[in-house]
Amino acid sequence: MDIFITAHPLTWFEALARLGAAMVIGFIIGIEREYMDRPAGMRTHSLVCMGAAVAALLECLLLFSPPQGSQDMEASISMGRIAAQVISGVGFLGAGTILVMKRKISGLTTAASVWNAACVGLLIGFGYYFLALFVCVLIMVVLFLLRRAIHVNAVKRMEVRFADNPDTVRNIAVFFRENGIRVLETDHHVVYERGSGGKNECMRINVYSLRVPHGVHFSDLVTHLSDDPSIKSLRTVIT
């Protein structure tokens, strides 16, 4: 089946409408990332989507309005070259949101959403409003709904540093049991630290590998354990 596209010069109103639509849709895509406190949020996605739309608009404008002073020059315009540079160039921006720490990679979803925002911006810049809106809906389904509909109980690792006291160990174990938190593995060692009075204090450091059930937020777990005065510090461990 042959598809024929009839091109027509862009009006200022249509160009501004495309830029406005790109800004709004980029903003919508970035809401979920902003809510999750990721490096690239609403402003970043809006700018990426709008910038990609500008690149697509530039290609459309070059077809009908060559730059001033170039009317007497022979020029070969190939649709898609500028858009291709956007697709490859936005990869560097996405790479900036990816963190690699101790063999754990985070930020891939944010990088993918930024890349998709650029693709949606190109669609809007070329005038495919409805297709861009449909892609935006699919992106939001992936970011919002799939994360809530499919829950995976990932293993969390938490380091607890506390004064060497059997009661504290017992209280931590009781708290885990009452909240349905399964302890898969416990690594522990003892260190001596100089206290405020100049005396060495025996401190115990336990690293728990936990499987947190659905409905229990890891942040609430940390907050509750921090209320114990014998616990000096808590931190998550990335493996």
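The values are calculated or read from the model by the stated rules, or taken from the named source; none is laboratory data. Here the structure is a predicted model, which means the values were calculated and not measured. A quick note on method: Cβ atoms are made from the backbone with ideal geometry, for glycine too, and the neighbour counts reach across all protein chains shown. Each accessible area value is taken on the protein alone, full model and side chains, heavy atoms only, with ligands, DNA and RNA left out. Shrake-Rupley method; radii C 1.70, N 1.55, O 1.52, S 1.80 Å.
Is it fair to say residue 131 is modelled with pLDDT of 75 or more, outside any strand (DSSP E or B) and surrounded by 14 or more Cβ atoms within 10 Å (Cβ to Cβ)?
When the stated conditions are applied, residue 131 does not pass them.
So which of 168, 186, 239 is modelled with pLDDT of 75 or more, β-branched (Val, Ile, Thr), on the phi < 0 side of the Ramachandran plot and not in a strand (DSSP E or B)?
168
Can you pull out the residues in the range 33-47 that are in contact with a Gly (Cβ under 9 Å, 6 or more places away or on another chain) and under 22 Å from residue 217 (Cβ atoms)?
Residues satisfying the conditions are 33, 34, 35, 38, 39, 41.
Looking at residue 87 and the list (1) among the hydrophobic types (A, V, I, L, M, F, W, C); (2) crowded, with 20+ Cβ neighbours inside 10 Å; (3) at pLDDT below 85, which single condition is not satisfied?
(2)
Please work out which one of (1) within 30 Å of residue 32 (Cβ to Cβ); (2) open to solvent by less than 60 Å² (accessible area, probe 1.4 Å); (3) modelled with pLDDT of 70 or more is the condition residue 154 fails and give its number.
So the condition that residue 154 fails would be (3).
Quick one: in the range 1-50, which of the residues that are modelled with pLDDT of 85 or more and in contact with a His (Cβ under 8 Å, 6 or more places away or on another chain) is surrounded by the most Cβ atoms within 10 Å (Cβ to Cβ)?
Per the criteria, the residue is 26.
Of everything in the range 51-81, what is aliphatic (A, V, I, L, M), at pLDDT below 80 and open to solvent by 50 Å² or more (accessible area, probe 1.4 Å)? Give them in sequence order.
Matches in the range 51-81: 61, 63, 73, 75, 77, 79.
Please go through the range 201-229 and pick out each residue that is modelled with pLDDT of 80 or more, closer than 16 Å to residue 171 by Cβ and open to solvent by less than 60 Å² (accessible area, probe 1.4 Å).
Passing the criteria: 204, 206, 208, 210, 225, 228.
Just to be sure before I move on: is residue 162 at pLDDT below 85, open to solvent by less than 60 Å² (accessible area, probe 1.4 Å) and aromatic (Phe, Trp, Tyr) in the structure I sent?
Here the answer is yes, as residue 162 does meet what is asked.
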